[in-house]
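The values are calculated or read from the model by the stated rules, or taken from the named source; none is laboratory data. What you are looking at is a predicted structure, and each value in this text was computed from that prediction instead of being measured. Note: ideal-geometry Cβ built from the backbone for every residue, glycine included; neighbour counts use all protein chains shown.
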Amino acid sequence: MKGRFSFSVVMALLGVSLLVAATAAGGTTGPSASDKQAVKKGGTYRILGTSDFDHLDPALSYFTHSWNWQGATQLRMYYYPYVKGAASQRIAPMAATGLPRVSNGGKTYTITIKRGFKFSNGQNVTAANFKRAFDRAVNAKLQSPASSFLDDLASVRTQGALGLQITLKRVAPDFLARITMPFFSAVPTSFPLDAEVDKGPIASAGPYYVQEWNKKTSALAVRNPNWKNNVEPFKSLGFANNVDRITYSGIGGDLATHRLQCERNEADLCGFPTTQAKELADKYGVNKGRFQVDQDLLVWRVDLNNEQPLFKNNAPLRKAVLHALDRRFMTAQHGFLAGKRTDQFIPYGMGGFKEHDIYSLKGPNYAKAKSLATPGALRGGKAVFYAFNRAQGPPVAQSVQFNLKQIGLDVEIKLFDRVVQNTKAATRGEAFDITHEGWHADYPDPANFINVLLDGRRLQAENNVNTSYFSGAGVQNWTQKLDAAYSASGAERLNLYAALDRDVMANAAPTAPYISGTSRRLFGPEVGCYVANGQVGTVIVNICKT
Amino acid sequence: MSTTAREDEVLGATTGLGSDVVLEPVSDEVGVRARGYWEQVWRRFKRDRVAIGSIFFLVFVVLVCYPGAWLAERQIGHSPSDPFTDGIDDGLIPVGPWSKVYNPFTDEDQILVLGASDTLGRDEFLRLLYGGRVSLQVAVLATIGVMIIGTILGAVAGYYRGWIDTIISRLTEITMAFPALLFVIALASTVGSRLNDVTFGGVLAPGVVTLVLVFWAFGWFYPARIIRAKVLSLREKEFVEAALMTGASDWRIIRSHLLPHLAAPIIVYSTLVVAGYVLAEAALSFLGVGIPLPTPSWGNLLSSAPEFYTSQPWLMLWPGVAVVLTTLAFNLLGDGLRDAFDPRSRL
């Protein structure tokens, strides 16, 4: 998640998250093209971004805008459908014939792949191509981020040309959700197990494939010549595939310039400075075509390091901090319509979210905070805050610094480049007390927040995402509760996660979530409609230009 | 007054620019004293009204930034780092000049004279005053240090030549080629925070020492090269040969005969780099070196202002004007000093 994660700041910089709509809210769509003019077939969909892709090899790609391209170029077994409403929350087959047959007490998944899909290089898609994706993901030399999602994988076997049998070490109700991630897309068996594929053309089995990738400059994707919309198995997916080409450029550019380019019809999707969001909303209206805002599965938070002396076994001070923060002000720093204030770990719109009203969302409660921040709890009253040096990083850090000064805690802010800050905070033993982090769901399940970010058993020497280094102190039987929620399914699962969210925030307060974020998009004048998806952002295959 | 005494004064004057010595007409009735070098410099300098005006302006800036900022803070009732929720509108744009904001700590409305400075709604006026302290400290200390180091190394290299020159010249080239930014980032993550705490009892703002050391480490080579080139030419002049023949020591020749000739380039270069250091301070603070948040400086006020150039252009104007006027004052002062030290340079 680190890669996606780092980029989430870049996205904040862009002012536009290419990630997507909440599942509870469902996939969302912009205005219908039919309301305006007829949808045009052909042409180019032009995306401007300030950062290059991390990778375009599906085994390694993890930035949000990289997943946006994976959505257009890769063929997955399952996906969250590119539709509006409740259907967008239900996993549906893409390359699979149907939902998997589950056996062996819930530990074995047997999947059949549809016949007829072809790679852009003409090869047929078979089960072996999906097995290759798993083999690459677990290969230590490739260092795929996907490996962290496969620690319960026992084996992957092909059964004939189109059968795939996956066996797990233990029951995992979120397994199907996990394999919707682009890591597990079909790849040619010629893709090396231990090396990245990064030279275009990159063969893929989705509606488009990457023809060129000029690193730090631009990328171009064109139609997969073997994708036929009007016949099965393609037809039932219902992808529109209106445009012929997709371009990505503007790397290293300026957000204000990108905005102007979209306004001058020199691009179709652009970032913009956070401080211009209101102006754009006033100019184009919200969700009326050009300036689109969708609830997202994204939470920004201020983590308190539970392993450093200041906050270790110091729940009163951690709670004092959470009472002292001015969430209204911190949220404002993300710009107009950037999200809702929150004091909970699970984002709005995700299953398992329930409003608990634990800390003040209107402003700091210094009286309550001071009552908890006794001299004993303050432990000298000095804290080190690792912040990133762009976008909302410095102002949020200074807001926290001011709030905590009022309860007797002097905060020293250390600014770093986002990647450096994230890497340092992810290193166990690093001497910081507070850090600023954001997390976007890889897939819409509360386990992707609670288990991934707050389970102390996952802590390692480096590359941690649990940057509050919380292991459960302050919540009775935390790990047992985590395991129970993870193993449960249906409504019970969501209820258990809602209870965990309340328990951990009210009793342990290891971290201070403050905004449940949205995605804000600025489109060029030719974009007639779009669909937002929880995993891959703006669904390029269904973009229509007029 | 005896002739011998007059000769002594002439000799004394030649310790500076021998060619500038002016002997007053000698009268048999009234004894006339030859003016010393520094006296002549002062006489020439005080005739330069622009330079004198610059001094007054710089003194004014210092008064405004030191006692003035302190007084203003007490008069206004909040600090330059206090954020105001209603100091920004719902589009995250800072409010304009003379806006009223609510202070929850005093339960009163307060006026932001120059508006809010950033997305935290802080008082631009107070930040401008306090920011001047940091910028002046950084710019002046860095310039002085850089010029001292550069002048000494350049003069030594140019005067002695040979292996000393070789060593200093290679050192200069190494420093020029050194990846300063990487060093600065490494410095920030290692000793940066400890250095930031060095304030000499609050005389300097936190982080000033770090920045000044960085500027000293990577700023000396330009003046060193300029001075070396100048000294290489000067040391071949007759007056240096004459000094050598009279048995003057190397140190005396460098100090008393060469250094006065170097005043012009030193002053000109100094006035040029002062403004550069104000802006460089902002750039390095962005990398995590130097001025820690929330301490204001003209550099960081300037660097955050372009974000609002369409909505609040004032935010570029205030610190911009402060930097421009201060730099101009330093430049004009430098011109005046150069002319005073070396009137021949006035063409």
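Quick one: count up the residues across segment B:168-186 that are surrounded by 14 or more Cβ atoms within 10 Å (Cβ to Cβ) and away from chain A (no Cβ under 13 Å). Going through segment B:168-186 one residue at a time, the tally reaches 7.
A single entry from A:Phe119, A:Phe149, A:Phe134 fulfils the requirement of being modelled with pLDDT of 95 or more and closer than 30 Å to A:Lys216 by Cβ: A:Phe119. State yes or no: is B:Phe200 aromatic (Phe, Trp, Tyr) and touching a Phe, Trp or Tyr at 6+ places or on another chain (Cβ under 9 Å)? Against the criterion (aromatic (Phe, Trp, Tyr) and touching a Phe, Trp or Tyr at 6+ places or on another chain (Cβ under 9 Å)), B:Phe200 does not qualify. Of everything listed in (1) within 13 Å of another protein chain (Cβ to nearest Cβ); (2) without any contact (Cβ under 8 Å) to a residue 60 or more places away in the chain; (3) out of contact with any Gly (no Cβ under 9 Å at 6 or more places or on another chain), the single unmet condition for B:Ile93 is (2).
For segment B:108-122, residues that are within 13 Å of chain A (Cβ to nearest Cβ) and not hydroxyl-bearing (Ser, Thr, Tyr) total 5.
Scanning segment A:431-468 for residues that are in contact (Cβ under 8 Å) with a residue 60 or more places away in the chain, of a type in the set (D, E, K, R) and more than 23 Å from A:Tyr348 (Cβ to Cβ) returns a single hit, A:Asp433.
Highlighted here are the helices (runs of 4 or more DSSP H) found entirely within segment A:227-326 that include at least 2 residues which are farther than 30 Å from A:Phe402 by Cα: A:255-263, A:277-284. Within segment A:409-417, is even one residue outside any strand (DSSP E or B) and without any contact (Cβ under 8 Å) to a residue 40 or more places away in the chain? Yes. Residue count for segment A:394-419 under the criterion of being under 22 Å from B:Ala282 (Cβ atoms), facing chain B (nearest Cβ under 10 Å) and in contact with a helix residue (DSSP H, G or I) (Cβ under 8 Å, 6 or more places away or on another chain): the result is 8. Examine segment A:363-384 for a residue that is crowded, with 19+ Cβ neighbours inside 10 Å, away from chain B (no Cβ under 14 Å), β-branched (Val, Ile, Thr) and in a loop (DSSP other than H, G, I, E, B), and state whether such a residue exists. No, segment A:363-384 contains no residue that is crowded, with 19+ Cβ neighbours inside 10 Å, away from chain B (no Cβ under 14 Å), β-branched (Val, Ile, Thr) and in a loop (DSSP other than H, G, I, E, B). Pull up segment A:429-454, narrow it to residues that are within 13 Å of the chain's Cα centre (by Cα) and over 23 Å from A:Leu322 (Cβ atoms), then point me to the one that is surrounded by the fewest Cβ atoms within 10 Å (Cβ to Cβ). The extreme case among them is A:Tyr443. Looking across segment B:93-151, the residues that are more than 29 Å from B:Asn196 (Cβ to Cβ) and among the small types (Gly, Ala, Ser) come down to B:Gly96, B:Ser99, B:Gly115. Just one of the listed residues (B:Asp86, B:Asp82) is within 14 Å of chain A (Cβ to nearest Cβ) and part of a helix (DSSP H, G or I), and it is B:Asp86. Among the residues of segment B:316-335, not a single one is within 14 Å of chain A (Cβ to nearest Cβ), modelled with pLDDT of 85 or more and crowded, with 21+ Cβ neighbours inside 10 Å.
To keep it simple, each residue is scored yes or no on (1) assigned to a helix (DSSP H, G or I); (2) aliphatic (A, V, I, L, M); (3) within 15 Å of the chain's Cα centre (by Cα); (4) farther than 29 Å from B:Arg252 by Cβ.
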| site | (1), (2), (3), (4) |
| --- | --- |
| B:Thr119 | no, no, no, yes |
| B:Leu128 | yes, yes, no, yes |
| B:Gly132 | yes, no, yes, yes |
| B:Gln137 | yes, no, yes, yes |
| B:Tyr159 | yes, no, no, no |
| B:Thr166 | yes, no, no, no |
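Only residues that are without any contact (Cβ under 8 Å) to a residue 24 or more places away in the chain, over 23 Å from the mean Cα position of the chain (by Cα) and more than 17 Å from A:Ser103 (Cβ to Cβ) were counted in segment A:126-183, giving 1.
Comparison of B:Val203, B:Val198, B:Val209 shows that the only residue that is more than 13 Å from every other protein chain (Cβ to nearest Cβ), surrounded by 13 or more Cβ atoms within 10 Å (Cβ to Cβ) and not in a helix (DSSP H, G or I) is B:Val198. Taking segment A:155-199 as the range and being more than 22 Å from A:Lys141 (Cα to Cα) and assigned to a loop (DSSP other than H, G, I, E, B) as the test, the residues that pass are A:Gly160, A:Ala161, A:Leu162, A:Lys169, A:Arg170, A:Val171, A:Ala172, A:Pro173, A:Asp174, A:Thr180.
Filtered by the rule that a residue be over 25 Å from the mean Cα position of the chain (by Cα) and among the aliphatic types (A, V, I, L, M), segment A:256-279 gives a lone residue, A:Leu260. For the condition more than 14 Å from chain B (Cβ to nearest Cβ) and among the acidic types (Asp, Glu), A:Asp296 qualifies.
Considering segment A:327-350 alone, what residues qualify as being β-branched (Val, Ile, Thr), assigned to a loop (DSSP other than H, G, I, E, B) and within 14 Å of chain B (Cβ to nearest Cβ)?
Matches in segment A:327-350: none.
Quick check: is even one residue across segment B:31-53 over 30 Å from the mean Cα position of the chain (by Cα) and touching a residue at least 40 places away in the same chain (Cβ under 8 Å)? No: zero hits.
Here is a list: A:Leu60, A:Leu56, A:Leu75. Which entry is in a loop (DSSP other than H, G, I, E, B) and in contact with a Pro (Cβ under 8 Å, 6 or more places away or on another chain)? None of the other options fit; the residue is A:Leu60. The set of residues in segment B:261-315 that are hydroxyl-bearing (Ser, Thr, Tyr), free of Cβ contacts under 8 Å to residues at least 24 places away in the same chain and away from chain A (no Cβ under 14 Å) is empty.
Restricting to segment B:83-131, what's the tally of residues that are out of contact with any Pro (no Cβ under 9 Å at 6 or more places or on another chain) and either closer than 30 Å to B:Leu213 by Cα or of a type in the set (Ser, Thr, Tyr) (or both)? Of the residues in segment B:83-131, 3 are out of contact with any Pro (no Cβ under 9 Å at 6 or more places or on another chain) and either closer than 30 Å to B:Leu213 by Cα or of a type in the set (Ser, Thr, Tyr) (or both).
For segment A:268-283, the count of residues that are at negative phi, in contact with a helix residue (DSSP H, G or I) (Cβ under 6 Å, 6 or more places away or on another chain), hydrophobic (A, V, I, L, M, F, W, C) and crowded, with 24+ Cβ neighbours inside 10 Å is at least one.
Confirm whether A:Tyr82 is closer than 30 Å to A:Gln295 by Cα and either assigned to a loop (DSSP other than H, G, I, E, B) or of a type outside the set (S, T, N, Q) (or both).
yes
Might you let me know whether segment B:208-230 holds any residue that is without any contact (Cβ under 8 Å) to a residue 40 or more places away in the chain and not hydrophobic (A, V, I, L, M, F, W, C)? The answer is no, given that none of the residues of segment B:208-230 is without any contact (Cβ under 8 Å) to a residue 40 or more places away in the chain and not hydrophobic (A, V, I, L, M, F, W, C).
Residues that are under 20 Å from the mean Cα position of the chain (by Cα), on the phi < 0 side of the Ramachandran plot, within 14 Å of chain B (Cβ to nearest Cβ) and not acidic (Asp, Glu) are absent from segment A:304-326.
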